[in-house]
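This report concerns only the one structure given below.
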Amino acid sequence: MSPMTLPLFSHSWLVNTRLDEGFVARKCLELAEQAIPYDLDAWLAKNALLLSLAASWDGFAELAPLFDVQAFEVPFTAKAHDQLRAENDKTVAKLFGIGDAEFSHLLGSFKGMATKRPEYLALLQ
């Protein structure tokens, strides 16, 4: 058995999905065929910038004018940060064909995430 056909993770969702030589190529073609509207790209990029600004305003402030971001939009509470992150993560997972239940199960299977960030996992459901 070649290394590319071995499961990469022991979790059931991933064990049942074995990577063969053509898997990545097929997934890239599927994603390229999806019509992703420009506004979704801009929305994801703006949300990613907001999360980055919350972590380090000084490090990313020069990018704020590119997306017309105002300081009041930055999620400064842990709950607001988690909500925005969950929205982005769920949207990207859907682009890759991963449903909400699968994504929640996948992240919940990591013990560190399940014990340290249960409030974030709850937002994914």
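The values are calculated or read from the model by the stated rules, or taken from the named source; none is laboratory data. For clarity, every value in this text was computed on a predicted model and none was experimentally measured. Neighbour counts are summed over all protein chains in view; Cβ atoms, including those assigned to glycine, are modelled from backbone coordinates with ideal geometry.
Descriptive notes on the structure:
- Residue among 93, 114 that is surrounded by fewer than 16 Cβ atoms within 10 Å (Cβ to Cβ) and either in a helix (DSSP H, G or I) or of a type in the set (Phe, Trp, Tyr) (or both): 114
- Every residue from the stretch 96-111 that is assigned to a helix (DSSP H, G or I) and either hydrophobic (A, V, I, L, M, F, W, C) or exposed (fewer than 14 other Cβ atoms within 10 Å of the Cβ) (or both): 100, 101, 102, 103, 106, 107, 111
- Pairing each residue of the stretch 81-92 that is in the same structural domain as residue 57 (by TED's automatic domain parsing) with any residue that is modelled with pLDDT of 90 or more and not in a helix (DSSP H, G or I), provided the two are 6+ apart or on different chains, yields C-beta distances under 8 Å for 81/75; 83/75; 84/75.
- Qualifying residue in the stretch 48-62 (condition: among the aliphatic types (A, V, I, L, M), part of a helix (DSSP H, G or I), under 24 Å from residue 97 (Cβ atoms) and assigned by TED's automatic domain parsing to the domain that holds residue 103): yes
- Top-ranked residue in the stretch 71-95 [being polar (S, T, N, Q) and modelled with pLDDT of 90 or more; ranked as farthest from residue 122 (Cα to Cα)]: 77
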